[in-house]
Amino acid sequence: MDIIAEIGLNHGGSLERAVELIHTAKECGATMAKFQFFYTDVLCTNRNSFDSYKLLDKIKMHPQWIPILARECKGIKFLCTPFCNYSAEAIEPYVEMFKIASPETCNINFVKHVAGYGKPIMLSTGKCTYEQLDRIFDQVSVPITLLYCKSLYPALPGDYDLNEIDRLRKRYQCEVGISCHCAGLKTAIEAVESHNASIVEKHFMLPDGNCVDSVVSLRPADFKKMCEIIRRRSWI
């Protein structure tokens, strides 16, 4: 099964750390290394959030990194989340599928634009309703995978109703996994063991813990332990 190391912005704007994160994630058992790519001016349209703008602009992934990171993903798949049509266009030549974040899953026009490239899409469900998902499945023809998640950073285990994995699978007849924003391993493991989640996405960081999403990220030793447990359970 696929286990995604959500690197996101945990590289802190350093290409060297981004490459190290890829290699470490692979060593720990991840099958995909996922990044986030955006143009800050497009993402931060609300100029009142200037502090957020400054932070995101400082730690963002740069467009010239895309082919470099894709090449570094040897034996592990390069996955990237776009946040606008322009960022989708930039990453398209380098990805086998697209991952769309929860807020953008709610934007049917954006989802349709990304699906227009003809590649499979993976959608996080943290902010969307069944009605919004129904529209996507009605209007999009490429293969769709859903990742059940809660858009909380961090989320508590009680925030996740893992039965939703079963409900989504039954309603949409597609692969359903989990994007886990809880601290620790328990929720992700339970999603596989008790609800047959087919994909697990978990934030990943280097051992020093020096990153923007440290509160929801696993260090390599814990990520490796999670991968080993999940694969053992998924074989039973």
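The values are calculated or read from the model by the stated rules, or taken from the named source; none is laboratory data. Computed from a prediction, not measured in an experiment: that's the story for all the values here. Don't worry about glycine lacking a Cβ; one is built from the backbone with ideal geometry, like all the others, and counts go over all protein chains shown.
The helices (runs of 4 or more DSSP H) located wholly in segment 60-114 that include 2 or more residues which are under 16 Å from L9 (Cα atoms) and of a type in the set (A, V, I, L, M, F, W, C) occupy 65-72.
Regarding D166, is this residue more than 20 Å from Q36 (Cα to Cα) and either without any contact (Cβ under 8 Å) to a residue 24 or more places away in the chain or touching a Cys at 6+ places or on another chain (Cβ under 8 Å) (or both)?
no
Apart from one condition, L55 fits all of (1) at pLDDT 95 or above; (2) more than 15 Å from the chain's Cα centre (by Cα); (3) of a type in the set (A, V, I, L, M); the exception is (1). Under the condition of being closer than 14 Å to I165 by Cα and more than 22 Å from the chain's Cα centre (by Cα), the residues counted in segment 125-139 number 0. Among the residues of segment 1-33, those identified as polar (S, T, N, Q) and either in a helix (DSSP H, G or I) or under 18 Å from P82 (Cα atoms) (or both) are N10, T24.
Checked against (1) farther than 17 Å from G177 by Cα; (2) surrounded by 16 or more Cβ atoms within 10 Å (Cβ to Cβ); (3) over 16 Å from the mean Cα position of the chain (by Cα); (4) not charged (D, E, K, R), G116 passes all but a single condition, namely (2).
Residues in segment 115-139 that are assigned to a helix (DSSP H, G or I) and either more than 19 Å from R169 (Cα to Cα) or in contact (Cβ under 8 Å) with a residue 60 or more places away in the chain (or both): A115 only.
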